[in-house]
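Coordinate-derived values only; no laboratory data. Remember, predicted model here, so these are calculated numbers, not experimental data. Here the Cβ positions follow ideal geometry from the backbone for every residue, glycine too, while neighbour counts run over all protein chains shown.
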Amino acid sequence: MVYQIYPRSFRDSNGDGVGDINGIRAQLPYLAWLGVDAIWLSPVYPSPMRDFGYDVSNYVDVDPVFGTLQDFDALVHEAHAAGLRVLLDWIPNHTSSDHPWFVDSRASRDSAHRDWYIWRDAKPDGSLPNNWIGAWSGEPAWTWDQTTDQYYLHCFLPSQPDLSWANVAVRDAMHETLRFWLDRGVDGFRMDVVHLLSKDVDVDDPEDLRGLSHTPLNDVPVTHEYLREIRSVLDEYGNDRVSVGEVYLFDPERVATYYGDGDELHLSFNFASLFTAWRADAWRDVILRTEEAFSAVGGWPTWVLSNHDNARVATRLLGDQQRVRAALVLLLTLRGTPFLYAGEELGLEDAVIPPDRVADPGGRDGCRAPLPWTPEPGHGWPGEPWLPFADRAAEQSVEVQRVDDGSMLSLTRRVLDLRRRTAALRSGSLDGVRVERDVLSFDRAKGVQRIRVIVNFATTECEMAPVAGRILLSSVGVVNPGVLRAGEVVILELAPVGSDGPPAPLSD
Ligand code: NOJ
């Protein structure tokens, strides 16, 4: 399981209200206790923070607000000692407009870095080079630059100009940034919007999708060549460094193509799961589509329910505790690598952000609220954090939940423990997906071990068909054989085929 840390909001060690690397170091024992395998840090590079680090002004350093390179080295060292791998966010599609490459690029049409970015004249009739829309604003993805009288492309904010990956000098420079961190011992990267690396800027987006950001529409074949080059950089370091691409396309079939022939991404996000309604048939469909699409390319799937860009799953499920618990168990029992967003193990909901505290131009502050560590005011943060806490921060704090056997945190830890001890859940096949009324079930199998996961999506209880096997875990807590309670998930170990007796106990 990969645990996503949004560093600003995780843990503050120096009282400036912004979480930092030393704060993460202090909580490594918590993450190891929880059962995390790897952490992914949202960006910690120097940045003017107009997109809170996704606008990088230097790829090979740490922003002072997060600490120093020495702090980072210590984090990697200590994480490894605690059995945790460390993935960095890497933002290859665009830099900050403050990056020296762009500062030089925009200075003159002759500058050395001019063609490191995507510059275009206005069309002969004076209109924009194409009709693309940037993310969030509904505004064009082009900004006019008066110094040189051309437009530059930015699929996100005007302060995030897109790099020109067609330029081999850009590719070489970006590969060097990977090597810089790989040399320091990082285990891999989450790669921001990698499906955007190549763009057909001479082709308009369809008129009927006008108003939609260009990002989820871009899918250009030559990107696969760039991904193969990136993969060979990782391969220079052996076969245990990993790439996880943010392929922000919504069809699992298209996402799966980014695994190439096993020579592109190791893993890709499958955002279909993040946008699936809490309904048995909707989950059956996304599971079947994912299985089919990823099996076709021999790719290992991933699953995600929350991240720093979208309302948290607990908020989307309107805080309904049984459903939130069920969603977590589902996430951790599907076939593939689950990504858990810090705070999801607490069932944390989004914070309500008063207008005078809005920070993000994309309106995503709510899901970025600081993690509550303790119940008292301040919740373990030494200074006023950069965003307000969520409403139920006290009761949902780590300290409160850690000692409560029935808490969401305890449930998360139990499921992760079961997953680790159970080969079928970790790496087994997935089959037998079916829905009856509001109940979804599927099996995970490895060797003779067969595990059944049954999810009741209904708000009422129902009878559970008798199954030869034993219940290993219920999302509700105490097991109630024969009955599935509202929103309950149970995990069963089925008796081996042909045996009458109960299955052998799981080994520790
Ligand atoms: C996707 C990231 O997850 C998001 O936070 C960011 O704003 C955009 N890419 C642009 O880098």
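State which stretch of the chain is the longest one without any exposed GluC sites (Glu not before Pro), exposure meaning a DSSP loop state and at most 14 other Cβ atoms within 10 Å.
On the way: sites that count: E236, E395, E461.
Answer - 1-235.
Which value, in debye to the nearest 20, gives the size of the charge dipole of the stretch 429-494 about its Cα centre, when Lys and Arg are +1 and Asp and Glu are -1 at the Cβ? Before the final figure, lay out each step's value.
On the way: 8 positive and 8 negative charges, 49 e Å.
Around 240 debye, computed over the stretch 429-494.
If we count every other residue with Cβ under 13 angstrom of P221's Cβ, Lys/Arg +1 and Asp/Glu -1, where does the sum land?
On the way: positive: K199, R228, R254; negative: D200, D219, E225, E264.
Computed value for this residue: -1.
Residue farthest toward the positive end of the dipole of the chain, with Cβ of Lys/Arg at +1 and Asp/Glu at -1: which of A26, V170, A423?
A423
If Lys and Arg each add +1 and Asp and Glu each add -1, what is the summed charge of the other residues whose beta carbon sits under 15 Å from the beta carbon of L182? Working shown, then result.
On the way: positive: R85, R179, R184, R190, R231, R241; negative: D73, D89, E176, D183, D187, E229, D235, E236, D240.
Net charge around L182: -3.
When V415, V478, V398 are ordered from fewest to most other Cβ atoms inside 10 Å of their Cβ, what list results? Present the calculation step by step, with values, prior to reporting the outcome.
Values: V415 27, V478 6, V398 21.
By the 10 Å Cβ count, ascending, the order reads V478, V398, V415.
Placing +1 on the Cβ of each Lys and Arg and -1 on the Cβ of each Asp and Glu in the chain, which of L128, T459, G138 has its Cα farthest towards the positive end of the resulting dipole?
Projecting each Cα onto the dipole axis, the largest value belongs to T459.
Nearest 10 degrees, 0 to 90: what angle lies between the long axis of helix 280-296 and the longest principal axis of the chain (Cα atoms)?
60 degrees
Ranked by Cβ crowding within 10 angstrom, fewest neighbours first, how are S42, S198, S232 ordered? Kindly include the intermediate steps, with their values, before the conclusion.
Working: S42 23, S198 20, S232 11.
Placing the least packed residue first, the sequence is S232, S198, S42.
Nearest 0.05, what FRET efficiency do S295 and V352 give at R0 = 45 Å with Cβ-Cβ as r? Could the numbers behind the result be given before it?
Numbers: r = 42 Å, r/R0 = 0.94.
For R0 = 45 Å, the calculated efficiency reads 0.60.
About the Cα centre, and with charges only on the beta carbon of Lys, Arg (+1) and Asp, Glu (-1), how big is the dipole of the stretch 228-324? Nearest 20 debye, please. Intermediate results must be reported in sequence, preceding the final value.
Working: 10 positive and 16 negative charges, 110 e Å.
About 520 debye.
Picking from Y54, I5, L330, whose Cα lies most toward the positive end of the charge dipole for the chain (charges on Cβ: Lys, Arg +1; Asp, Glu -1)?
Farthest towards the positive end: L330.
For a quick check: with amide H placed at 1.01 Å from N, whose amide H comes under 5 Å from L472's, ignoring anything fewer than 5 positions away on the same chain?
Here the answer is I491, L492, E493, since their amide H atoms fall under 5 Å of that of L472.
With only Lys, Arg, Asp and Glu charged, each at its Cβ (+1 for the first two, -1 for the last two), find how big the charge dipole of the chain is about the Cα centre; round to the nearest 20 debye. Numbers along the way, then the final one.
Working: 47 positive and 76 negative charges, 346 e Å.
Here the size comes out at about 1660 debye.
Using Cα atoms only, what is the angle between the long axis of helix 69-81 and the major principal axis of the chain, expressed in degrees (0 to 90) to the nearest 10?
With both axes taken from Cα atoms, the answer is about 20 degrees.
What is the sum of charges, Lys and Arg at +1 and Asp and Glu at -1, for the other residues whose Cβ falls under 10 Å from the Cβ of F294? Mind dumping the intermediate values first?
Numbers: positive: R289, R335; negative: E253, E291, E292.
Taking every Cβ under 10 Å from that of F294, the sum is -1.
HN-Hα J couplings of the stretch 433-442 from phi, Karplus 6.51/-1.76/1.60, θ = phi - 60°, integer Hz, Gly and Pro as x?
Per-residue couplings from phi come out as 5, 8, 10, 10, 6, 9, 10, 9, 9, 8 Hz.
Per the helix-only calculation at 222 nm, which mean residue ellipticity applies to the chain, given -39500 (n - 2.57) for every DSSP H run of n ≥ 4 and division by its residues, nearest 500 deg cm²/dmol? Each step should come with its number before you reach the end.
Working: 13 runs with 127 residues, N = 508.
Result for the chain, helices only: -7500 deg cm²/dmol.
Show the residues, 5+ positions off or on another chain, whose built amide H is closer than 5 Å to the amide H of S273.
Under 5 Å from the amide H of S273 lie the amide H atoms of V304, each far enough along the sequence or on another chain.
Angle between the Cα long axis of helix 321-333 and the longest principal axis of the chain, 0 to 90 degrees, nearest 10?
Once rounded, one gets 80 degrees.
For the stretch 257-300, taking Cα atoms only, what is the radius of gyration to one decimal and the Dmax to the nearest whole Å?
Computed over the Cα atoms of the stretch 257-300, radius of gyration and Dmax are 11.6, 35 Å.
If you wrap the chain's Cα atoms in a convex hull and average its projection over all directions, what's the area in nm²? Please list the in-between numbers first.
On the way: hull surface 98.3 nm².
Convex hull of Cα atoms, orientation-averaged projection: 24.6 nm².
With a point put 7 Å past each Cα toward its Cβ, work out how far E399 is from D149 in nm, to one decimal.
Label-label distance for E399 and D149, simple model: 6.5 nm.
Amide H to amide H, which residues 5 or more places from D350 or on other chains are under 5 Å from it, using H placed in the peptide plane?
Long-range HN contacts for D350: R312, T315.
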